[in-house]
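Reading through the structure tokens given below for one structure.
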Amino acid sequence: MKKLTVLLLVFFSAALLFSGCGTDSETGETDDTTPGEEMVLTYNVGTEPETMDPHLSTGLPEATIMLQIYEGLTRLNENSLPDLALAESVEISEDDLVYTFQLRDGLVWSNGEPLTAEDFELSWKRSLDPELAADYAYMLYYIGGAEAYNSGEGTADDVMVEALDDKTLQVTLEAPTPFFLSLCAFKTYYPLYQPAIEADAEGWHLSADTIIGNGPFKMVSWAQGKMEFVPNENYYDADAVILDRLFFTMIENESTELTMFETGEIDVTHTVPGPEIPRLQETGELYIFPEFGTYYYIFQVEKPPLDDINVRKALTLAIDREAIVTNITQGGQLPAYAFVPSGIPEVDGMDFRANGGDYFAYDPEMAQQLLAEAGYPGGEGFPTVEILYNTSEMHKLIAEAIQEMWKQNLGIENVTLTNQEWGVYLNTRDEGDFMIARAGWIGDYLDPFTFLDMWVTDGGNNNSRFSNADYDRLLTEVRMVDDEVQRMEMMHQLEDIFMEEMPICPIYYYTLPMMIKDYVKGYMKAAVSGIDFKTAYIEK
Amino acid sequence: MLAYLTKRMFHTILAIWIVITITFIFMHAIPGGPFQREKAIPATIKANIEARYKLDQPLYLQYVDYLGNVVRGDLGPSFKYRGQTVNGIIAERFPVSFQLGLLTFTIAIVVGIGAGIIASIYQGRLPDYLTMFFSTIGISVPSFILGTLLMYFLSFRWGLLPAAMWGTPKHMIMPAIALAGLPTAFIARLTRSSMLDVLNQDYMRTALAKGLPRWQIIWIHAVKNAIIPVITYAGPLLAYVLTGSFIVENIFAIPGLGKHFVTSIYNRDYTVILGLTIFYSIILIVLNMLVDLAYTLVDPRIKLIGKEE
């Protein structure tokens, strides 16, 4: 009975909202009887989604689509911090291991069916099912028993997530995880509508008819490179959704995308062609968002002369990063003098990066001195080193600039450049069959850990083959610490060790340039996720 | 005729088997795999994925498995687009490429042959020079430049057509012209030179002496004989344009099949690489067979025989 009341309430408030906008879009039909009055927004997501199954997908374009039609226990706000979403409250035990979530009253799927705590339990276990073989299953490894089940050593019943009743979900973690509430906003943690999966386990997510979500919008069509969404009248916060219709296009070509923005066929682009940025800056419609990632060079520390720390430091200090970002990349990127990018708030309200500061500066003289200490004064006798990058004009220009800087600043003449096709390049990196390789890393969640744990000895992403006993020990210890101040302190220590050893050479922090029409308001862009149109609107 | 077709069928199956085998070997010879990412995934997860797609089995078993599935008409699941099958990808995208390809082909044939005939009739005069001028441009300007220019003027400057995307006939115009540029020019030149050969034959003079009207000489006697090289070229051209072009689809954001011919290789999406290769081979072989049949219609001297005698 209570559910029915809530349903009715939601329905009436949704109805009120729509009548307030003066349209008839609650039917979701493309009936343009009153064109011009509808508030329609078109965003180019930039590619066909690899998959629309939130548990299988790995990329940002997919995450952006799913952000509009799904919602987890939490949802990230503009500071990339989690706000409670489907969860009304959460209770965390003294030891920070047990999370008890209370779901909101009367939650329903976009088709009106009730959404319960059991949906979460089943969905999370599905994510971990070894048969499903999800790439991002490891995002759930923080939950007790999750890793064991996913690697075939445990059972689904051992996974410590349990629906105590329709509205209560209890999760027990392996170790204190301060960013667990952020993880709950991640797509691998979305609840999925089980009957659709039971009906067609492989193909349920291929058609708008069978994609049942629970977010601010619902998908009404997906064909010929275009998705169409209308507000989900069953969303608990439907009042906050203002747009009448949302289109996502899948244009990959950046020049075409820009042309369509300029002809008014799309309102928001997913990126901007680099060479156009200086011109577009004058339009006032160019926005450069910080991205939670770093562009860097890996030194293969087992290969001489890169096994010498002074050589690594000399090469790192001799690069003029300002010149690279202002003359080559031109997308508002920030020169990187550390590995973890800014964007992570600490307890004192300061940014992790501001607290950690820069680890070095552009200093050709110091670099020369270090190179001399390594036994190559003035670059004399320095063996041939090779820079490897995946085939791309931008990577090539950057590598050429660095080659020139090393020649000018250090007197190193014999730097060669090699490019490989993406798959071959990844293989070469994994096999450690390179000297210096270009790389990029985008954080998965807003915590320094997503940048630091990859450098554990023999880690799958540790292509530099860096190994430091203190570093490994600290990494293990930091997982067990639940005091946030102490934890962040240890993160800084980790970065200190890492940057002192310098197995990589940071170049710049990524940015995301986008074109947005000035009449588009109310959207939200968090550093670790895509653009959120929940509260977007158009004001012409 | 029946013997001929039976023999062709046998050759087709043999050719496709060879194509599959060679592609399979080359594809697995390039380093990297479908599940290699810049963000390495934990070994257990990679093992789960490989087990799911049977990539953990020895290559010869994968090969035998694959051949068995192909015989049953199942081209397998895509590794990159999880949840989608290769059959599904082709079924969804081929109709788009087919529509655009057919339009492109029609433009190339009608305009190309038309311009070639006119040029040959007016050999050494203005229409000839104009045709040759434009066909030189058509051959030397690549489709992506033609496409970009069209988009700049027709859409960006004059606002006549939507810049890109798919769905209405208006969306087809620019990509079709961009794609048709080169084959139209090529066919025009081919028709012209072939026509000139024929027009200089003795029987042309005989026909003229006999007092036949000029249009009849050209259309019935000359064109029919001059068309054979164009037919030879038309088969592979049709196969090419029907299966989509990566570049033009990319510029005009067309959800066609051409993209997958290229990206599947970057992605090491083994099943998609193989599936599309087979699909393309079949279309090419069938169209070549139609070309051979068309020869007999145009030129009765050509006969299709099952066995060399």
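General remarks:
- With helices as the sole contributors, chain A gives -8500 deg cm²/dmol at 222 nm; each DSSP H run of n ≥ 4 counts as -39500 (n - 2.57), and the sum is divided by every residue.
- Mean Cβ count within 10 Å, highest first, over the residues of peptides A:138-151, A:164-177: A:138-151, A:164-177
- Solvent-accessible area per residue for region A:241-286 (1.4 angstrom probe, square angstrom): 34
- The mean count of C-beta atoms from other chains within 10 Å of the C-beta of residues in B:246-254, rounded to a whole number, is 4.
- HN-Hα J in Hz across region B:283-294 - Karplus 6.51, -1.76, 1.60, θ = phi - 60°, x for Gly and Pro: 4, 4, 5, 4, 5, 5, 5, 4, 4, 4, 5, 5
- Inter-chain Cβ neighbour count for B:28-41, averaged per residue, equals 6 (cutoff 10 Å, partner chain atoms only).
- Angle between chain A longest axis and helix A:60-69 axis [Cα atoms, degrees, rounded to 10]: 20
- Between A and B, buried accessible area from a 1.4 angstrom probe totals roughly 3800 Å², ignoring ligands, DNA and RNA.
- Adding -39500 (n - 2.57) for every DSSP H run of four residues or longer, then dividing by how many residues chain B holds, sets the calculated 222 nm ellipticity at -22500 deg cm²/dmol.
- Pairs over the 23 Å Cα-Cα cut-off, from the set A:LYS303/B:LYS46; A:LYS187/A:LYS396; A:LYS517/B:LYS259; A:LYS187/A:LYS218; A:LYS226/B:LYS46; A:LYS226/A:LYS396: A:LYS303/B:LYS46; A:LYS187/A:LYS396; A:LYS517/B:LYS259; A:LYS226/B:LYS46; A:LYS226/A:LYS396.
- Solvent-accessible surface (1.4 angstrom probe) belonging to A:ASP496, in square angstrom, nearest 10: 70
- Heavy-atom accessible surface of region B:78-236, averaged per residue, reaches 50 Å², computed with a 1.4 Å probe.
- Rg/Rh (Cα only; Kirkwood hydrodynamic radius) as it applies to chain B: 1.06
- When the charge dipole of region B:73-222 is built from unit charges on Cβ atoms (+1 for Lys and Arg, -1 for Asp and Glu) and taken about the Cα centre, the candidate among B:MET151, B:ALA209, B:GLY76 whose Cα reaches farthest toward its positive end is B:MET151.
- A Cβ-based charge dipole, computed about the Cα centre of chain B with Lys and Arg at +1 and Asp and Glu at -1, lands at about 340 debye.
- Relative to the dominant Cα principal axis of chain A, helix A:393-410 is inclined by about 30°.
- Carbon plus sulfur fraction of accessible area for region B:91-308, probe 1.4 Å, in percent: 70
- Counting all C-alpha pairs of chain A, share separated by more than 32 Å (%): 49
- On Cα atoms only, tilt of B:86-121 relative to the major axis of chain B in degrees: 20
- Between region A:109-150 and region A:195-260, the Cα center-to-center distance that results, in Å: 22
- Most mobile listed residue (B:LEU161, B:LEU149, B:LEU212) in chain B, GNM with C-alpha springs under 10 Å: B:LEU212
- Computed log10 I(q)/I(0) for region A:179-264 at 0.24 Å⁻¹: -1.19, from the Debye equation with unit scatterers placed on every C-alpha and solvent omitted.
- Within the protein assembly as shown: Cβ-based charge dipole about Cα centre, in debye rounded to nearest 20 (Lys, Arg +1; Asp, Glu -1): 5980
- For the protein assembly as shown, the residue among B:TYR295, B:HIS260, A:MET524 whose Cα projects farthest onto the positive side of the dipole built from Cβ charges is B:TYR295.
- Per-residue average of Cβ from other chains inside 10 Å of A:256-266: 5
- Among A:41-53, B:247-259, the order from most to least packed when residues are scored by Cβ within 10 Å on average: B:247-259, A:41-53
- Counted charge near A:ASN234, where neighbours are those whose Cβ lies closer than 10 Å (Asp, Glu -1; Lys, Arg +1): -1
- Extension gain for B:HIS28 to B:ARG125 (0.36 nm times residue separation, less C-alpha to C-alpha distance): 29.3 nm.
The values are calculated or read from the model by the stated rules, or taken from the named source; none is laboratory data. Being a predicted model, the structure only gives us computed values, none of them experimental. All Cβ positions, even for glycine, are placed from backbone atoms using ideal geometry, and neighbour counts span all protein chains on display. Accessible surface is based on the protein model in full, side chains and every heavy atom, while ligands, DNA and RNA are left aside. Shrake-Rupley method; radii C 1.70, N 1.55, O 1.52, S 1.80 Å.
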